[in-house]
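Participant: One structure coming up, written as structure tokens, with questions to follow.
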Amino acid sequence: MSEAVQGASGKSLQRKFKGTVVFHISDTNETYSLDLKNAQGNFSVQKGDGELPKPDLHITINSSNMSKLIEGKLKPQQAFMKGILKIKGNMGLAMKLNSVLVATKKKLPKAKL
């Protein structure tokens, strides 16, 4: 996800998704923060909740389902409806989460078969 928020792709992504998100991975108890709201253009993804005083969106999901989301095998709306993905915060921003995941998927290395 970190590569997707750097440079020109980060600015493009920020136009679609302007906000801060904290991802809590429930089974490993890890937390990651995504900041696409920074006015200076220093968009970031970091382990831990960073220095986000009050994120716009807080997402809780387990690690295997997070991998499926990033790989495109699971859609955020489906995960939410099934209770796999828990969301607190700005639901309008949550509806745009797919744009972040698509940008992330484009930056992942292609699997060799």
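Participant: Run down Asn62, Asn29 and say which single residue is open to solvent by 30 Å² or more (accessible area, probe 1.4 Å), touching a Ser or Thr at 6+ places or on another chain (Cβ under 8 Å) and modelled with pLDDT of 90 or more.
Facilitator: The conditions single out Asn62.
Participant: Could you tell me how many of the residues in the range 49-98 are over 14 Å from the mean Cα position of the chain (by Cα), of a type in the set (S, T, N, Q) and over 13 Å from Ser26 (Cα atoms)?
Facilitator: 1
Participant: Turning to a different aspect of this structure: Residues in the range 80-99 that are assigned to a helix (DSSP H, G or I) and either in contact with a strand residue (DSSP E or B) (Cβ under 7 Å, 6 or more places away or on another chain) or acidic (Asp, Glu) (or both): how many?
Facilitator: Residues flagged as assigned to a helix (DSSP H, G or I) and either in contact with a strand residue (DSSP E or B) (Cβ under 7 Å, 6 or more places away or on another chain) or acidic (Asp, Glu) (or both) within the range 80-99 amount to 3.
Participant: OK, next. Can you name every residue in the range 10-26 that is assigned to a helix (DSSP H, G or I) and either modelled with pLDDT of 85 or more or crowded, with 17+ Cβ neighbours inside 10 Å (or both)?
Facilitator: Result: Gly10, Leu13, Gln14.
Participant: Answer yes or no: is there a residue in the range 77-88 that is modelled with pLDDT under 90 and open to solvent by less than 40 Å² (accessible area, probe 1.4 Å).
Facilitator: no
The values are calculated or read from the model by the stated rules, or taken from the named source; none is laboratory data. Model, not experiment: these values are computed from the prediction. No Cβ is skipped: glycine too gets one built from the backbone with ideal geometry, and neighbour counts run over all protein chains shown. Keep in mind that these areas ignore ligands, DNA and RNA; they rest on the heavy atoms of the full protein, side chains included. Shrake-Rupley method; radii C 1.70, N 1.55, O 1.52, S 1.80 Å.
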